[in-house]
Structure formats: C-alpha cells, structure tokens
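One structure is given below, encoded as structure tokens.
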Amino acid sequence: MKGLVIKNTGSWYTVRTDDGRWIESKIKGVFRLKGIRTTNPVAVGDRVEIVENPEGTAFITQIEERKNYIIRRASNLSKQAHIIAANIDQAMLIVTVNYPVTTTIFIDRFLATAEAYRIPVRLVFNKIDRYNEDDREYMQGLITLYTTIGYPCATVCALSPESMEDLKEELKGKITLLSGHSGVGKSTLINQLVPGIDLRTGEISEYHNKGMHTTTFSEMIALPEGGYLIDTPGIKGFGTIDMEEAEVSHYFPEIFKMSANCRFGNCTHRHEPGCAVLEAVKEHLISESRYRSYLSILEDKDESKYREEY
C-alpha cells in the first residue's frame, strides 16, 4: 500500500494512504541516502510503501525516489544530516530583521542549499509592524539585495489578514516548505492561512531576542485553496552538507556569473590572482555579506576535510 508521509513525530510517521486513511507507521529496515548518515531517513513529503500489521499500525518498507529534498547538518552531530522535507515545489524562508534577528549568513546558507536541490525560494519578511525606522531601512536594503540576485521577497504582518493575500496566491496548489528561526512567526502565519488550525504560538525572550520552540515536529498542512504547507520546527543555524568545495560558488548565482571571468578555471575566489569575483566584491558588484556567507561554507568544507584526515 502506498501513501504520503504527512507528519514526523520522531520514531512515528503519520502516513495518509492513497485510499484516504491515516495510519501511524514505523520504519522497517535501513534506508540510506547517497551514503549520507541521516537522523531521519524518512521525511515529511516522502511517498512511501507501507505494510499494515494486526495492531492497526504499519511498517514503512520502501521510500519512492524523491523529486528533491532540503537537508542540513544535524545540530549536534556534525557528521550526520537532517532532511527537513522532501518533494517540495517551493520554499518560503520567514525572515525577521528584529524580534528575533535573522542573519544574512543564515539566509544565504538556506538559499545555497535550496539552489543545490533546485528548490525555488521566496523570502518573507514578517513582523513589519514592529520595526523602527532603522529596521525598515535595513529590511529594504535586504529586499533590494535579494531581489536583484533573483529571489522574490514579500513583506507581511502575520497578525494582519490583509497583508497575506498576495502570499495566498503564491501558495495555491503547491507544496511549500516554511522555514526560519524560532520566533519569526511561522505558526502565526499558518493560523492566518488556515483558519481554525490554532497552532500554538510563543513569545520572544526579551533578554536574548530569540524565539522559543513551539513547533516540535514537521507536518504537512492542507491549505483551503489547495496545496500544502510543510511546517517545521524553528532552527538556530543552517549547517550545509553534501556540497563539494568546487560546487559551492554554483549555489551563489551572482558569484557563479562573475566566476566566468576569472583567470583560472579552478579559482576558489579566495586569494587567486585575476579573480573576477574578488574584484566584483571590491567594486560592490557582489555584496560583502553574500561573499562572507560563501566563505563560511568553504570553511565548513575545510573543517570537514580536516576531521576526515586527522
């Protein structure tokens, strides 16, 4: 019997079968993804085969080939990966320039990972009603930066239904991953988009300016207009994985474009003479924040290589 994984609560997965039933299921056997050790071999959005047992639950015996997935390094197990979701049409990264702060490194690492798996991303700037003049100016600078690169941006106030109308159009009929830090307002957004769902929302720590986890598992939520939202727990950092060092620049569109003019074909854009990327950064054709994010991923690769060798 086949079905769709719509919820992951740790050891149990809720599978909606093709005949419309919801069955709590566990994994049977070992699943591997391109040799990567994962904390969750089955992800929300996976199409699976299950075998029912007499207790009314089932075993997941096979995962169908994925169209795509988005993955990050597990927070406390650096050699393991965590698949956030699979078979996604698009992702929306919820960003707040304050209450709490979303850093450009976090944004860029998410974007680079989505580029690696060919998942379109829209940045959604939330809590615009709370920003002072400096916050709004900074937000506008980020919107200009990312739209210039090619990432659509939207501004919303999750407490205002009127600000969500354009967003609803973008979600119709699509499977959309929602991601972002804890406290950026994902649950409040979903409560506006799906009337009656009443997800629990949390407060921001005034001392740390960070959100508290309210979503503890991943889940697919049906939208009234068609399509699904994949709600995920808030994440603190976004460690990249499964990227070759030479490929990292491919996942920064503006760096990849400029790299065609580098003197050397294997240029790492760190120190080589005749590097068009370094020149573009100097001339502000590539933003310094994006270049720093690129370097941070290369440093990940260097550290990983060091651990493997020593």
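Give me the pairs, please: first residue somewhere in the stretch 263-280 and more than 14 Å from residue 245 (Cβ to Cβ), second residue anywhere and open to solvent by less than 80 Å² (accessible area, probe 1.4 Å) and aliphatic (A, V, I, L, M), beta-carbon distance under 6 Å, and either six or more positions apart or on two chains.
That search, which allows pairs on different chains as well, returns 276/258; 277/255; 277/258; 280/258; 280/286.
Based on this model, can you work out whether residue 236 counts as touching a strand residue (DSSP E or B) at 6+ places or on another chain (Cβ under 9 Å), among the basic types (Lys, Arg) and at pLDDT below 90?
Taking the combined requirement at face value, the residue satisfies it.
Among the residues of the stretch 261-277, which ones are at pLDDT 95 or above and either of a type in the set (Gly, Ala, Ser) or on the phi > 0 side of the Ramachandran plot (or both)?
269, 274, 276
Checking the conditions here, which among 71, 23, 60, 50 is open to solvent by less than 30 Å² (accessible area, probe 1.4 Å), modelled with pLDDT under 90 and assigned to a strand (DSSP E or B)?
The unique qualifying residue is 71.
Filter the stretch 268-303 down to residues that are in a loop (DSSP other than H, G, I, E, B) and among the polar types (S, T, N, Q) and give me whichever is farthest from residue 251 (Cα to Cα).
Here the residue is 287.
Could you list all residues from the stretch 26-47 that are more than 12 Å from residue 64 (Cα to Cα), modelled with pLDDT of 90 or more and assigned to a strand (DSSP E or B)?
26
Please go through the stretch 162-184 and pick out each residue that is open to solvent by 10 Å² or more (accessible area, probe 1.4 Å) and over 11 Å from residue 124 (Cβ atoms).
162, 165, 168, 169, 172, 173, 174, 175, 181, 182, 183
The values are calculated or read from the model by the stated rules, or taken from the named source; none is laboratory data. A quick note: this is a predicted structure, and the numbers were derived from the prediction, not measured. Positions of Cβ are backbone-derived with ideal geometry, glycine not excepted, and every protein chain shown enters the neighbour counts. SASA here: full protein model, heavy atoms, side chains in, ligands and nucleic acids out. Shrake-Rupley method; radii C 1.70, N 1.55, O 1.52, S 1.80 Å.
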